[in-house]
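Please treat every number below as a calculation from the coordinates, not as lab data. This structure is a prediction, so every number in the text was calculated from the model and none was measured. Positions of Cβ are backbone-derived with ideal geometry, glycine not excepted, and every protein chain shown enters the neighbour counts.
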């Protein structure tokens, strides 16, 4: 917070009046870098919508500080309750529907892989992206995004 305050030319207390914690500040920055409306596309093809969401998320992680912010929030969440609350409330629960809605549409249209429910598919997709983000983010490209979607969708649903 000291570095942010110094760069902004304000005191730390000014920051804390607006953001009660470092996690709250970084969550707001993350949400501004990845607005939900940039991820959502609702066409007649839920698989294409999932590809758009996955590709756009990974592109933003590559091209903006959003990936670094999320890495920091996840790391801080291991020992800081405010960061844990920000990750769970602001990202996990707060953005869950971005994935579950197109996954439910894919399930309804018979395009989700057999035996896979939309909630588990959402956890799988987020888990794989976060795992790659935290461990080896070199190959976070469209091919990786497509491979994730292909894993949860039936082969006949793939282009």
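Using only the alpha-carbon atoms, how far is helix 46-63 inclined from the longest principal axis of the chain? Give it as 0 to 90 degrees, nearest 10.
For helix 46-63, the angle is close to 30 degrees.
Neighbour counts of other C-beta atoms within 10 Å: give me 63, 45 arranged from fewest to most.
If I rank by nearby Cβ atoms, fewest first, I get 63, 45.
Angle between the Cα long axis of helix 22-33 and the longest principal axis of the chain, 0 to 90 degrees, nearest 10?
50 degrees
What's the extension gain from residue 74 to residue 146 if we count 0.36 nm per residue and subtract their Cα-Cα distance?
23.5 nm
Take every Cα pair under 8 Å in the chain that's 6+ residues apart, average their separations, divide by the length, and report that relative contact order as a whole percent.
25 percent
In degrees from 0 to 90, rounded to the nearest 10, what is the angle of the helix 96-108 Cα long axis to the longest principal axis of the chain?
Value to nearest ten degrees: 0.
Could you work out how much longer the chain between residue 4 and residue 32 gets when fully extended? Use 0.36 nm per residue separation minus the Cα distance between them, nm to one decimal.
8.4 nm
Give me the extension gain from residue 124 to residue 13: residue separation times 0.36 nm, minus the current Cα-Cα distance, reported in nm with one decimal.
Taking residue 124 through residue 13 to full extension adds about 36.0 nm, to one decimal.
So, R0 is 22 Å and r is the distance between the beta-carbons of residue 85 and residue 109; what FRET efficiency does that work out to, to 0.05?
Working from the Cβ atoms, E equals 0.05.
What distance in nm lies between label points placed 7 Å from Cα along the C-beta direction at residue 135 and residue 41?
Between residue 135 and residue 41, the simple spin-label model gives 2.9 nm.
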